[in-house]
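The values are calculated or read from the model by the stated rules, or taken from the named source; none is laboratory data. Bear in mind the structure is a predicted one, so any value in this text is a computation, not a measurement. Every residue, glycine among them, receives a Cβ derived from its backbone with ideal geometry; neighbour counts consider all protein chains shown.
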């Protein structure tokens, strides 16, 4: 299992005082570096209250997690959903992503689009990629989960996982209610970063190789402008057009005029609604998603960059007069987290060949999207497409089922795949489809006293069809 290298000193100097006053606990069994060299603390053993009122427990309520929970509950499983943030939706909401890729699929994606349109919360007629309103998405995710009967617990982190032999039986969460233990026949890791899989003892990969050249993190922000129509030429995909790079170049001209060069080589503006826009300006390089201190420092550094750029643009006056940050993301956007080893590992070859799988749960069409791993590469090739054209390919159910632990599934970007494949399937349209598949298979397994790897995908697909959800 990969080790954790120390984070770069360049971003740590301003947090040293705080860091010296705390000993952060190791969150996963895969951690092999002590918080402070030479020191340790033996945590007292506790007897925790144990709840066993769920058939399926979903950890993480991002696009994959809400899809898994809704589908499992609709399939008749008693379902619990745990989320660390104060809302459902993950990167869609806490991360202020506002832009969706590879969404033109049957199933829950169509339901989400229809309901967003009913609320006038989607800015495009394109079913595959569009801008949405984060607050509307937040409310929609909550309503759908409540309607399905999902038991939701926010502000809750999964802290530990325990097995009996190969079988995952119990997780421990931490929240304002303290430490609580939960048992269930089936668990789904939809944490994005594969936290549950790592805690359960699964092998995993991160980044391009063990040294973890990882894709950068990004802080998104909502901003209010004086007149959005005045920014039309610099807003990507504005009014359903296909302009992106052209719009980026116009925006870069304005940034240069303000004396600013962003850490992201393709600074982007998306139109959310009226005079509300989303700004994607930032890249945080060399940060491992499993290093809490490094992610914390990247969050602080990135937020400062966003505000600095906005102040500079506002100083230009004219169309930028009154430009104001409305909100920065609570959750910095992470592209590369742990990829939990599954019973099938998706590879670059699957994308090149357009692989078809007998247990294909979703067809991915988004190409390889590798953001530069450092500032130097960002200036020459901000985004790489892997050197080949991706053909539409199937994501197999086996890639969603843990290899080393029974009773555990994954959905979203923490499924089993190599670095290149992950750079394609990680987008949120695919995450929803994977969540649906994990949810229905998990429900069937729990209700029939089987394990997920014992379920034939046809059984899951047939149940989705009966439910009116097709993957």
Inset, instruction - All but one of (1) within 20 Å of residue 156 (Cα to Cα); (2) touching a strand residue (DSSP E or B) at 6+ places or on another chain (Cβ under 7 Å); (3) modelled with pLDDT under 50 hold for residue 25, so report the exception by its number. - result: (2)
Inset, instruction - Answer yes if at least one residue in region 453-467 is over 30 Å from residue 96 (Cβ atoms) and part of a loop (DSSP other than H, G, I, E, B), and no otherwise. - result: yes
Legend entry - Flag for residue 150 being more than 16 Å from residue 329 (Cα to Cα) and surrounded by fewer than 18 Cβ atoms within 10 Å (Cβ to Cβ): no
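Within region 298-312, identify whether any single residue is part of a loop (DSSP other than H, G, I, E, B) and touching a helix residue (DSSP H, G or I) at 6+ places or on another chain (Cβ under 8 Å), and answer yes or no. So that I can check it myself, show each step before the final result.
Going residue by residue through region 298-312, those that are part of a loop (DSSP other than H, G, I, E, B) are none.
Checking region 298-312: not a single residue is part of a loop (DSSP other than H, G, I, E, B) and touching a helix residue (DSSP H, G or I) at 6+ places or on another chain (Cβ under 8 Å).
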Inset, instruction - Determine whether region 387-394 contains at least one residue that is surrounded by fewer than 22 Cβ atoms within 10 Å (Cβ to Cβ), at pLDDT 95 or above and within 21 Å of the chain's Cα centre (by Cα). - result: yes
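Here's the yes/no breakdown for (1) farther than 26 Å from residue 215 by Cβ; (2) touching a helix residue (DSSP H, G or I) at 6+ places or on another chain (Cβ under 8 Å); (3) assigned by TED's automatic domain parsing to the domain that holds residue 99; (4) part of a strand (DSSP E or B):
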position	(1), (2), (3), (4)
231	yes, yes, no, no
239	yes, yes, no, no
242	no, no, no, no
251	no, yes, no, no
256	no, no, no, no
260	no, yes, no, no
263	no, yes, no, no
269	no, yes, no, yes
278	no, no, no, yes
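Out of 306, 325, report the one residue that is more than 25 Å from residue 394 (Cβ to Cβ) and crowded, with 18+ Cβ neighbours inside 10 Å.
None of the other options fit; the residue is 306.
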Inset, instruction - Kindly indicate which of 31, 73, 18 is modelled with pLDDT under 95 and either assigned to a loop (DSSP other than H, G, I, E, B) or assigned by TED's automatic domain parsing to the domain that holds residue 440 (or both). - result: 31
Legend entry - Residue among 206, 287, 245, 300 that is surrounded by fewer than 18 Cβ atoms within 10 Å (Cβ to Cβ) and within 17 Å of residue 371 (Cβ to Cβ): 245
Legend entry - Every residue from region 92-111 that is part of a helix (DSSP H, G or I) and crowded, with 24+ Cβ neighbours inside 10 Å: 92, 108, 109
Inset, instruction - Restricting attention to region 122-150, report how many residues are in contact (Cβ under 8 Å) with a residue 24 or more places away in the chain and more than 21 Å from the chain's Cα centre (by Cα). - result: 6
Legend entry - Subset of region 162-183 [part of a loop (DSSP other than H, G, I, E, B) and at positive phi]: 165
